[in-house]
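Asks: Quick one: structure below, then a few questions.
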Amino acid sequence: MRKVVLWITIICLVFGCLSFSVFAVQRVAGDADGNGEVNLRDVVLTLRHLAGGWNVQIDEKAADVDADGEVTTKDAVQITRHLAGGWDVTLQTKEDEKQLTMRIGDTPVTVVWENNASVDALKALVQDKPLTIQMSMYGGFEQVGSIGTSLPRNDVRITTNSGDIVLYSGNQMVVFYGSNTWGYTKLGHITDKTAQEMKTLLSNGNVTITLSME
């Protein structure tokens, strides 16, 4: 056990100067950063999440590898043992509920959604049937479209990046392929497309976005 703790400490020291963000492809047990594989970065992010005060975001369901409903140091140790090999460790997650999914035209995209009232309301809105939003290009950096109803909002002034999804004026969804600074409520971020791929998807004419629970 001491060796495991020592290894975790060394990992934190080695990676302490790095800045991490969350990427999600498909939920894999132990894949806290959502990039599709389990590695040392997942241990670091899980520990930073538990320490608090770090500006990190993790997939808590994936990090909860003992499937007890919460992320604890035990989960970080389990992931570390799994990576070390030779340990009788099985990583698991709770049975997933339906997830909020997005398609841009016919292209499915992977989104890490925010944990806020706006996203909860959006999920409820599409619970029974998909919602298709007619988007329009605007400003050379975004596509915007009416959701058809108002959602809870908590606008803050932010500078967006390519792939960001935000709520504007409480009733419009904006998806960025460039950057802008304004008062928005963050909804999520598309993680499986590069900036160039986002530009290709969104900068060549108006698109439709389809949201559904699957």
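Asks: Going through region 28-58 one residue at a time, which ones are touching a His at 6+ places or on another chain (Cβ under 9 Å) and among the β-branched types (Val, Ile, Thr)?
Replies: The answer is Val38, Val56, Ile58.
Asks: Please enumerate the residues belonging to region 149-160 that are farther than 11 Å from Leu122 by Cα and not hydrophobic (A, V, I, L, M, F, W, C).
Replies: From region 149-160, those farther than 11 Å from Leu122 by Cα are 153-160; that's our starting set.
Matches in region 149-160: Arg153, Asn154, Asp155, Arg157, Thr159, Thr160.
Read the figures in this text as sums done on the coordinates, not as results from a lab. Computed from a predicted structure; not experimentally measured. Note: ideal-geometry Cβ built from the backbone for every residue, glycine included; neighbour counts use all protein chains shown.
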